[in-house]
Each structure stands twice: as structure tokens, then as C-alpha cells.
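Q: Let me begin by handing over the structure; questions about it come next.
The values are calculated or read from the model by the stated rules, or taken from the named source; none is laboratory data. All figures in this text were calculated on a predicted structure; none of them were measured in a lab. Cβ: placed from backbone, ideal geometry, glycine included. Neighbour counts: every protein chain shown. Side chains included, ligands, DNA and RNA excluded: accessible areas come from the protein's heavy atoms. Shrake-Rupley method; radii C 1.70, N 1.55, O 1.52, S 1.80 Å.
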Amino acid sequence: MERTVHGSARLEATVVPPGDKSISHRAALLNAISDGQAKVTNFCVGDDRTSMLGCLRGLGVEIEESVEDGIETFTINGMGLDGLSEPSDYLYAGNSGTTMRLVSGLLASQPFFSVITGDSSLRGRPMKRILTPLSMMGAQVMGRGGGSLAPLAFDGGGLHGIEYEMPVASAQLKSCILIAGLFSEGETSVIQPAESRDHTERMMASMGADVDKDGPRLTVRRPSRLASLDIQVPCDISGAAFWLVAGAAHPNARITVQGVGINPSRTGVLDVLRDMGANIAVENVREVGNEPSADLVVETSNLRGVEISGDVIPRVIDELPVLAVAASQATGQTVIRDASELRVKESDRIAATVTGLAGLGAKVRETEDGMIIEGGSRLRGAEVASFGDHRIAMSMAIAGLIADGATTIGDSEAADVSYPAFWDELENAKARV
Ligand code: S3P
């Protein structure tokens, strides 16, 4: 479905983004193998949640959805470390890379046969990165394309720990190995080339698992049990990023984004925007679900171009498309490099972002591992594609909010993967002046 976005003379809003997708997925998966019952609130919304919960239910986990005191609550009945059962059909991870890679860590460890697959985007994404270490741990696993693509088939169990130097700074890869490590004999260590989001190791430790961090090395040992953990999920900084860029890049804006998770392994977008000169206040810092969270207030800012590269990249990977929109409105050049992982997300996000921004009149070009954006363009509304990718659809919508005239986004329903209320919130952000 196409959606058309028009600019607005003023943006003024208080937004509460959906629950953090990464934390929600881990809260469901780790509680599913805990001893006991856990209640998870502010769970992420959208198609990716259906994917994760569907896979866990396929493994015999009972998950109830209810409204308690007006709050949507997921009750997860933990099966213990040995309680999952063989799925009678394939598991479906939809569009969700996190679901496929984290659940694969579980499947490799279980003494039964299982198959996991996903939509056409996910079936094109690299899986060798997880199959290589899982095979080293002793898993029997096969995939299409010589073990590089889904569907993946597991004849699991009997794993032993390994020490694994990760070739990419991927939290999904790290989490897959650590989850398999919970079921493996001996110690499982991963060495990270750069720090990525640390929700898995944090949550495992809070549930009583023995997880050590020594610089870039993380080590986990098989626990006798995991204790269930009630979790109130903070709001997703990756959803907040659209509003932060809208507020900073629009000429007349003030937006408050409430209850956002500010785990330092996720706040690359704040660091980069501040480096660009964005006017963002962090207020009301508190702990929510063992994670720091805060309200973020952003106002119209004079942005300048920056270089985005190196260790910050894994901390800002999902926010780079919308940061490119901000860069198109900055003074001077922005260079994004070391971000070739963007090419293997839900779409090739380097090509998708550059195509979209160029279509709106920005001066931007692709490089192998990033892009170069010349700031100061006046964007003009046009037809742009989402490439079936939620973050591209929403990034283009934010560009449309700043552009002159009408911007029409094709396949806009892609946003439903992580942020179904996005379009309504976008209209609500336009102040009547
Ligand atoms: C995620 C990790 C990141 C990110 C994805 C969610 C996670 O992927 O892009 O949206 O929840 O672990 P990689 O770890 O593959 O970089």
C-alpha cells in the first residue's frame, strides 16, 4: 500500500515508541527456557513479535496474552532447560533475523529434529555466520546454498563449548552462540571484534546464568537452571530514532520521546546526533527491566556533517538510514563507512537509502561499505520505495516530513514489522498552526 506524507510547518509531539524489539525477543526466549512463570510488559509490537512468539509456541512453550490493570501482559510459562518439545511442523521466523538466529541457537541444542525458515528477505540473508560456530559446537545442521541460507534443518543436541572469534560484530551471532552455550558441556566463549548490543548477556546474568565478560571476551557455562524474570521492556531507541531525526532536522520542531531504553550499547544514535550538533536533552533517567531508560527531548538543531565509522557502527547499525536523512539536512559532508553489514539487513540498506534520498533530491552516493552525503539539500517530494523494509519505509517518511510537496512511499505497510502505529503518530506530530 502506498502512503503519502506531506510536510508540516511545525512538529510538536510526545511520542511513546513500541517496546524494544531486541529486549522483548530475549525476554520471551530466555524465559521460555527458565524455571517458572514470568510476566513481560510493554512487549514489542508488530509482525516480528508474532514471529518470535510463534516459534516458541511451536516448541511447546505456553505464552498467554492478557490485559492486567489496563496493561498488556505476556505470561511466559518456562519449560526449564530440558522441557522444549519437537515441533510438528517447520518454524516460521517471518522477516525477523533476530528470531531466526537466536532460535537457531536453541534448536541446535535440542535433542530433536527441527526446521526454521522465513520470508523471502530472510531466506536471502546470511546464515553461515551462525552455522559455522554451531557446527563447531557439534550441532548437526544443514541449510540451503551449502549451509549459508534458510531454511535451516537441525538434528540437535550433544553440544560442547568452543572459543570463537567472531568475524562480524553481530549481536544476533553472539546471542546465538551464547544461547547454545547454555546447553553445552564446558565453557563457551565468544570474542567480539567490537561491542554490539548486550541485552542477551545482561538478561542471562539476571536470570542466574554464569556469564563473564573480560574485555571483548564473553564466557558462559551451562547453568543448572535459569530463574524466570519479570520484565518491563523499555521503549525502543530504534523506534525513537525516527522522531529524534524528525525533531532535529525539521526547521520548527519540539518532540519528546518517552521511556526510551538508553543502554550504552544502543545509544550510538544519540552520540552521532549530538556530534552533528543536535539539541537533545536526556531527562528522567531510570531503570526499567534491568535496563536504563529516559525521556528524550529534541528540538530543531543546526546540524553539521560528521564521519560515522569504526566501533560506533554496531551501536548505531539500525539507525543509519534515518541518520542519512539527518545528514542530508546538515551543513557539510557526512561519510558513513565500515557499515557493509547494512547490505545484509531486511534489504540492502545502503542501496535502498541512497536510492530513496537521491529520488528526493539529496546529493548522496553509495560506497562499498557505506555512503557519502552532501548536506544542505532541499528535499522535494517524490515517489520512493520501501524495498519491503520497515526501517527504510519510516526513514523515507521522515524525509517526506522535511521535503517540499508530497512524498509517496510504496509498500509502506513494511513498517508493520516493528511499528504499526508509526503512520498515525506521524500525522499526530504535525502541529496545527
Ligand atoms: C539485533 C541485532 C542487530 C540489529 C537487529 C537486531 C538483535 O543485528 O540490526 O535489528 O536484536 O540482536 P546484527 O546483530 O546481525 O547486526
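Q: Look at SER85 and say whether it is open to solvent by 40 Å² or more (accessible area, probe 1.4 Å) and either within 13 Å of LEU173 (Cβ to Cβ) or among the small types (Gly, Ala, Ser) (or both).
A: yes
Q: Please work out if GLU319 is surrounded by fewer than 21 Cβ atoms within 10 Å (Cβ to Cβ), among the charged types (D, E, K, R), in contact with a Ser or Thr (Cβ under 8 Å, 6 or more places away or on another chain) and not in a loop (DSSP other than H, G, I, E, B).
A: Spelling it out, it is not the case that GLU319 is surrounded by fewer than 21 Cβ atoms within 10 Å (Cβ to Cβ), among the charged types (D, E, K, R), in contact with a Ser or Thr (Cβ under 8 Å, 6 or more places away or on another chain) and not in a loop (DSSP other than H, G, I, E, B).
Q: Which members of the stretch 105-134 meet the condition of being touching a strand residue (DSSP E or B) at 6+ places or on another chain (Cβ under 6 Å) and either of a type in the set (A, V, I, L, M, F, W, C) or within 26 Å of ASP198 (Cβ to Cβ) (or both)?
A: Hits for the stretch 105-134 are LEU107, ALA108, PHE113, VAL115, ILE116, GLY118, MET127, LEU131, PRO133, LEU134.
Q: Kindly establish whether MET79 is open to solvent by 20 Å² or more (accessible area, probe 1.4 Å) and either hydrophobic (A, V, I, L, M, F, W, C) or not in a strand (DSSP E or B) (or both).
A: Considered against the rule, which asks whether it is open to solvent by 20 Å² or more (accessible area, probe 1.4 Å) and either hydrophobic (A, V, I, L, M, F, W, C) or not in a strand (DSSP E or B) (or both), MET79 comes out as yes.
Q: What is the residue count in the stretch 205-218 for residues that are open to solvent by less than 10 Å² (accessible area, probe 1.4 Å) and free of Cβ contacts under 8 Å to residues at least 60 places away in the same chain?
A: 1
Q: For the stretch 33-61, give me each residue that is of a type in the set (A, V, I, L, M, F, W, C) and within 16 Å of the ligand (Cβ to nearest atom).
A: VAL40, PHE43, CYS44, VAL45, MET52, LEU53, CYS55, LEU56
Q: Another question, if that's okay. Going through the stretch 417-433 one residue at a time, which ones are out of contact with any strand residue (DSSP E or B) (no Cβ under 8 Å at 6 or more places or on another chain), surrounded by fewer than 19 Cβ atoms within 10 Å (Cβ to Cβ) and touching a residue at least 12 places away in the same chain (Cβ under 8 Å)?
A: PRO420, ALA421, VAL433, listed by residue number.
Q: Turning to a different aspect of this structure: If you check SER120, SER85, which single one turns out to be more than 16 Å from the ligand (Cβ to nearest atom), in a loop (DSSP other than H, G, I, E, B) and either within 24 Å of the chain's Cα centre (by Cα) or closer than 30 Å to GLY239 by Cβ (or both)?
A: Sole residue among the options that is more than 16 Å from the ligand (Cβ to nearest atom), in a loop (DSSP other than H, G, I, E, B) and either within 24 Å of the chain's Cα centre (by Cα) or closer than 30 Å to GLY239 by Cβ (or both): SER120.
Q: Follow-up. Considering each residue of the stretch 31-49, count those that are in a helix (DSSP H, G or I) and closer than 30 Å to ALA397 by Cα, and give that number.
A: 3
Q: Now a separate question. I need a count of the residues in the stretch 162-201 that are β-branched (Val, Ile, Thr) and within 11 Å of the ligand (Cβ to nearest atom).
A: 2
Q: Just to verify a result, which residue in the stretch 12-30, among those that are open to solvent by 10 Å² or more (accessible area, probe 1.4 Å) and either in a loop (DSSP other than H, G, I, E, B) or not charged (D, E, K, R) (or both), is nearest to the ligand (Cβ to nearest atom)?
A: The selected residue is SER22.
Q: Quick check on this structure: which one of SER170, SER148, SER85 is under 23 Å from ALA28 (Cβ atoms) and in contact with a Leu (Cβ under 8 Å, 6 or more places away or on another chain)?
A: Of the residues listed, the single one that is under 23 Å from ALA28 (Cβ atoms) and in contact with a Leu (Cβ under 8 Å, 6 or more places away or on another chain) is SER85.
Q: Please verify whether the stretch 268-280 includes one or more residues that are touching a helix residue (DSSP H, G or I) at 6+ places or on another chain (Cβ under 6 Å), part of a strand (DSSP E or B) and in contact (Cβ under 8 Å) with a residue 40 or more places away in the chain.
A: No: the stretch 268-280 contains no residue that is touching a helix residue (DSSP H, G or I) at 6+ places or on another chain (Cβ under 6 Å), part of a strand (DSSP E or B) and in contact (Cβ under 8 Å) with a residue 40 or more places away in the chain.
Q: Follow-up. Contact list please: Cβ distance under 9 Å, first residue in the stretch 155-182 and in the same structural domain as ILE317 (by TED's automatic domain parsing), second residue within 9 Å of the ligand (Cβ to nearest atom) and part of a loop (DSSP other than H, G, I, E, B), pairs at least six apart or on different chains.
A: So the pair list comes out empty.
Q: Considering only strands (runs of 3 or more DSSP E) fully contained in the stretch 147-204, which possess at least 3 residues that are open to solvent by less than 20 Å² (accessible area, probe 1.4 Å)?
A: Of the strands (runs of 3 or more DSSP E) lying wholly inside the stretch 147-204, those with at least 3 residues that are open to solvent by less than 20 Å² (accessible area, probe 1.4 Å) span 149-155, 187-191.
Q: Separate question: Does SER224 fit the bill of being part of a strand (DSSP E or B), of a type in the set (Ser, Thr, Tyr) and at pLDDT 95 or above?
A: no
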